[in-house]
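The values are calculated or read from the model by the stated rules, or taken from the named source; none is laboratory data. Note that the structure is a prediction, hence the values are computed from the model and not measured. Neighbour counts run over all protein chains shown; Cβ positions are idealised from the backbone, glycine included.
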Amino acid sequence: MTTIGIIIGSTRPGRVGADVAAWVAERARRTDVEVDLVDLATLGLPFLDEPEPAASGIYRHEHTRAWARRVRSFDAVVLVTAEYNGAFPAPLKNALDFLGPEWANLPATVVAYGNSSSGSRAATALLPVLVGLGMLPAGPVLLGLRDRLTEHGLAFLPHDDAAVASALDRLLGLAHALEPLRITRAEPQAPVEAVA
């Protein structure tokens with residue numbers, strides 16, 4: 001069974017990210033795929049408060065170790081992000097910054113949405129972050145809200161289904177190919193206290 005983590009990057013009231021993520025999750029569910037929907041609005045991560053660099057994999061706080069265990073269970077990840085001021089939301093960057101080795105060799109797809117650029121600037125801004133964390137980007141899906149927002153909520157277009165299906169197929173292909181590299185990821189470590 002392949003586990004895809006779908007992370008909702010926006011936490012603000014009135015966001016459409018939860019609807020976009022639910023739509024992606026519905027398309028990701030297959031007989032061989034389990035979906036873990038992560039809502040950063042309810043995850044409970046504070047602003048980064050770990051004293052050790054994330055790359056060390058040493059985490060002092062239980063909220064970080066719990067987040068690390070959850071991410072370690074992913075075989076691939078979809079980052080659903082709004083575009084705010086030409087980039088992606090701070091809570092998403094914060095959630096990424098908390099961890100180090102857990103992201104390594106993890107394939108990722110960005111599903112970005114926005115008005116003027118259909119989320120393309122958010123997806124572009126995320127790319128160097130994902131690469132820097134050792135993730136393997138599988139290409140974005142961009143959704144322009146002007147064409148999809150109705151008085152009844154979001155209305156996805158027929159070609160949206162095809163775009164997400166193609167992105168998920170690429171993501172799953174990478175997940176299977178990279179599985180041997182992810183098996184060796186270590187458990188999150190608690191710091192060893194100095195002996196006085």
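Taking only the stretch 155-174 into account, find how many residues are over 18 Å from the mean Cα position of the chain (by Cα), in a helix (DSSP H, G or I) and farther than 16 Å from A21 by Cβ.
3
Of all residues in the stretch 123-154 being more than 19 Å from I7 (Cα to Cα) and part of a loop (DSSP other than H, G, I, E, B), which is farthest from the chain's Cα centre (by Cα)?
Selected residue: E151.
Has the stretch 112-121 got any residue that is modelled with pLDDT of 95 or more, among the aliphatic types (A, V, I, L, M), surrounded by 19 or more Cβ atoms within 10 Å (Cβ to Cβ) and not in a helix (DSSP H, G or I)?
Looking for residues that are modelled with pLDDT of 95 or more, among the aliphatic types (A, V, I, L, M), surrounded by 19 or more Cβ atoms within 10 Å (Cβ to Cβ) and not in a helix (DSSP H, G or I), one finds at least one in the stretch 112-121, hence yes.
Out of the residues in the stretch 92-111 meeting the condition of being of a type in the set (A, V, I, L, M, F, W, C) and over 12 Å from the mean Cα position of the chain (by Cα), tell me which one is surrounded by the fewest Cβ atoms within 10 Å (Cβ to Cβ).
Per the criteria, the residue is A104.
Name the one entry in G44, G14 that is surrounded by fewer than 19 Cβ atoms within 10 Å (Cβ to Cβ), without any contact (Cβ under 8 Å) to a residue 24 or more places away in the chain, out of contact with any His (no Cβ under 8 Å at 6 or more places or on another chain) and over 26 Å from A175 (Cβ atoms).
Just a single option satisfies the conditions, and that option is G14.
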